[in-house]
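Down below is the structure, laid out as structure tokens.
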Amino acid sequence: MNNGIATDSKNDSVDFLEYLPEKSLDNLNSQEIDLMNLGFLKTKQGYFYQDLSANNPLFEMVLIIWPGGTGSQAHDHGNCLSLSTIIPFGQTPNLTAKLHKIFQGQFFPDGEKTLKPGEFDVVLPFQVHEIDNPNQEAVMTLHVYIPRRK
């Protein structure tokens, strides 16, 4: 946590990611098990995450699969610039990207936009945001963080 804001830095990743290899695999469906066998980690919020950048010291590239109805909590990326885009496949639905302002420890909406396949979402350093997939279909996104999150 950073001033009451959830962060997704590597130091917070133990809280951020839910490792399931030996926990109740009976509760996972076959698609979730397939994703985990491909190296994806399942987050507490229900989406799947994989680092594609092999610890590159300059940037981090992450692939995220957002099953229908999942989303992130409000968070920032510290001093990193974040670029993200939807990877189109089939009838790819849109995502909702929300920005927040903080005043006296409270979150206030500061804009919302629909992210469509092929468009880029830019999140500035220390800017609080969240992503929601309000659809029934899964959406795949690619995220680049510059510099690499700590």
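The values are calculated or read from the model by the stated rules, or taken from the named source; none is laboratory data. Note that the structure is predicted; figures quoted are calculated from it, not measured. A quick note on method: Cβ atoms are made from the backbone with ideal geometry, for glycine too, and the neighbour counts reach across all protein chains shown.
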Original post:
Residue check, Arg148 against (1) surrounded by 15 or more Cβ atoms within 10 Å (Cβ to Cβ); (2) in a strand (DSSP E or B); (3) among the basic types (Lys, Arg), all met but one. Which one?
Top reply: (2)
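Please state which one of Leu52, Leu81 is of a type in the set (A, V, I, L, M, F, W, C), at pLDDT 90 or above and in contact with a Pro (Cβ under 8 Å, 6 or more places away or on another chain). Please lay out each step first, then the result.
On the way: Leu52 fails: in contact with a Pro (Cβ under 8 Å, 6 or more places away or on another chain).
Only one candidate passes the filter, namely Leu81.
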Subject >> Subset of the stretch 86-112 [surrounded by fewer than 13 Cβ atoms within 10 Å (Cβ to Cβ) and part of a loop (DSSP other than H, G, I, E, B)] >> reply: Pro88, Phe89, Gly90, Gln91, Gln104, Gly105
Subject >> Single residue of the stretch 123-145 satisfying the filter (more than 11 Å from the chain's Cα centre (by Cα) and more than 22 Å from Leu52 (Cβ to Cβ)) that is surrounded by the most Cβ atoms within 10 Å (Cβ to Cβ) >> reply: Val128
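Mind telling me which of the residues Gln45, Gln50 ends up being outside any strand (DSSP E or B) and under 14 Å from the mean Cα position of the chain (by Cα)? Don't jump to the end; show me each part of the working.
Working: Gln50 fails: outside any strand (DSSP E or B).
Testing whether each residue is outside any strand (DSSP E or B) and under 14 Å from the mean Cα position of the chain (by Cα) leaves just Gln45.
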